[in-house]
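Please treat every number below as a calculation from the coordinates, not as lab data. Because the structure is predicted, anything quoted here is derived from the model rather than measured. Cβ coordinates were reconstructed from backbone atoms using ideal geometry, including for glycine residues, and neighbour counts include every protein chain displayed.
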Ligand SMILES: [Mg+2]
């Protein structure tokens, strides 16, 4: 898993900064009408429309947010885009443009950066997003990636974290906990590899979990699905730090409480079996794991019939008055206070 597959090594200095940007971005396509001018001038130009513009930025640092000993560069490029698109979809908006800036040390040859950009391009092509700018520079140590995404939505369609009301239902897309367990599996294999580099890991039982960690998909389909179902969420957020802390963000910003039901948490069978193998509590993993990039939202109880039975959506609880607090209702019907144990890069 840790083998360097880049046999050819071309030094980045051979191309120079301008040659590098041109080389890396020459095959990117433009998908959106609002992109008036992409890469190739002093600025990108975005057309004014009747829509609101949404902006989000994320900075990823080697050794803090990713470990290149088991994260392939192509996957890293893909995930760096997903993390940002997910934030745009969490506002019930369409993502249209991204900028990507990277700093790399001279330990990375051109072929490595090409791999990173292959992942970025795959993400842009799959999600119909335009790469419109960015910068490359050298770093003294390691790799940094900064992505900014721009989105658009009609003013009346934008969903904030602050609109949840008592009696609203709390809904999550897909399933949760997989990405965290994928990371645990990869960390374990890395330790095994350190002791015995000849050992080829058998990851068959964890394919879904590893994919959730290394190649997450942002839920572009959910805002569209909700529009088709004629449901506008009252509040929405994406799950980057963990279900529990995201629910708390919605509750605090909306001035409400919540009850989340342990038995309703959507778990993939691989999550359940791997939790048993690692001897960890699947509820803890579901609530605190993070990096699932699913969407968590609240809807009026009057909209329940519209989403009922949809395989993409699970009702996991409901919104209460603020003075009821933020609670998990266990399978034994006990109420315990929710805690934000989400993943935090400052808490190492
Ligand atoms: Mg977010």
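Mind ranking 301-314, 192-205 by how tightly packed they are, going by the mean number of other C-beta atoms within 10 angstrom, highest first?
Numbers: 301-314: 13.6, 192-205: 10.6.
Averaged packing, sorted descending, gives the order 301-314, 192-205.
Using Cα-Cα distances under 8 Å and only pairs 6 or more residues apart, what relative contact order does the chain have, in percent?
Numbers: 719 pairs, mean separation 74.0, N = 348.
Relative contact order for the chain comes out at 21 percent.
What distance in nm separates the two pseudo spin-label positions at residue 199 and residue 41, each 7 Å out from Cα along the beta-carbon direction?
Taking the simple label geometry, residue 199 and residue 41 are separated by 5.7 nm.
For residue 331 and residue 9, what is the calculated FRET efficiency with R₀ set at 51 Å and r taken between the beta-carbons, to the nearest 0.05?
Values: r = 55 Å, r/R0 = 1.08.
E between residue 331 and residue 9, to the nearest 0.05, is 0.40.
Regarding the range 141-181, what's the average projected area of the Cα-atom convex hull, expressed in nm²?
Details: hull surface 25.8 nm².
Its Cα hull, projected and averaged over all orientations, spans 6.4 nm².
Taking the simple approach of a point 7 Å from Cα along Cα-to-Cβ for both residue 276 and residue 128, what is their distance in nm?
Those two pseudo-labels are separated by 4.3 nm.
Over the chain, what number does the Rg to Rh ratio reach, with both radii from the alpha-carbon atoms and Rh per Kirkwood? Walk me through the intermediate numbers first.
Numbers: Rg = 21.2 Å, Rh = 21.5 Å.
Across the chain, the Cα-based Rg/Rh ratio is 0.99.
For Cα pairs less than 8 Å apart in space and 6+ apart in sequence, what is the mean separation divided by the residue count of the range 217-348, i.e. the relative contact order in percent? If you can, show how the numbers build up before the last one.
Numbers: 193 pairs, mean separation 55.1, N = 132.
Relative contact order here is 42 percent.
Roughly how tilted is helix 243-254, in degrees to the nearest 10 and between 0 and 90, from the longest Cα axis of the chain?
Roughly 70 degrees between the two axes.
Over the range 222-289, what lengths in whole Å, largest first, do the semi-axes of the equivalent ellipsoid take, defined as the square roots of 5 times the eigenvalues of the alpha-carbon gyration tensor?
Calculated on Cα positions only, the semi-axes equal 26, 17, 10 Å.
If one computes the Cα centroid of the range 26-61 and of the range 64-110, what distance in Å separates the two points?
Going from one Cα centre to the other spans 16 Å.
Using the alpha carbons of the range 13-156, what is the convex hull volume per residue in cubic angstrom, as a whole number?
Values: hull volume 14.8 nm³, N = 144.
About 102 Å³ per residue, rounded to a whole number.
Per 0.36 nm of contour for each residue apart, how much would the distance between residue 267 and residue 69 grow if the chain were fully extended, relative to their Cα-Cα spacing? Kindly include the intermediate steps, with their values, before the conclusion.
Working: separation 198, 0.36 × 198 = 71.28 nm, distance 2.81 nm.
Roughly 68.5 nm would be gained on extension.
What angle, in degrees between 0 and 90 and rounded to the nearest 10, separates the Cα long axis of helix 110-127 from the longest principal axis of the Cα atoms of the chain?
40
Tell me the Kirkwood hydrodynamic radius of the range 169-337 in angstroms, computed as one over the mean inverse distance between distinct C-alpha pairs. Intermediate results must be reported in sequence, preceding the final value.
Working: mean 1/r = 0.0591 Å⁻¹.
Every distinct Cα pair counted, the radius reaches 16.9 Å.
Residue 192 versus residue 17, label points 7 Å from Cα toward the beta carbon: distance in nm?
Using points 7 Å along Cα→Cβ, the separation is 4.5 nm.
Assuming R0 = 56 Å, what is the FRET efficiency of residue 167 and residue 105, from their Cβ-Cβ distance, to the nearest 0.05? Let's see the in-between values first.
Working: r = 54 Å, r/R0 = 0.96.
It comes to 0.55.
What percent do you get for the relative contact order of the range 123-254 when only Cα pairs under 8 Å and 6+ apart count? Intermediate results must be reported in sequence, preceding the final value.
On the way: 76 pairs, mean separation 49.5, N = 132.
Contact order relative to length: 38 percent.
Treating the Cα atoms of the range 110-162 as identical point scatterers in vacuum, please give the log10 of the normalised Debye intensity I(q)/I(0) at q = 0.18, 0.19, 0.30, 0.31 Å⁻¹, two decimals.
Reported log10 I(q)/I(0), two decimals: -0.79, -0.85, -1.34, -1.36.
I'd like the orientation of helix 73-89 relative to the chain: the angle between its Cα long axis and the longest Cα principal axis, in ° from 0 to 90, rounded to 10.
40
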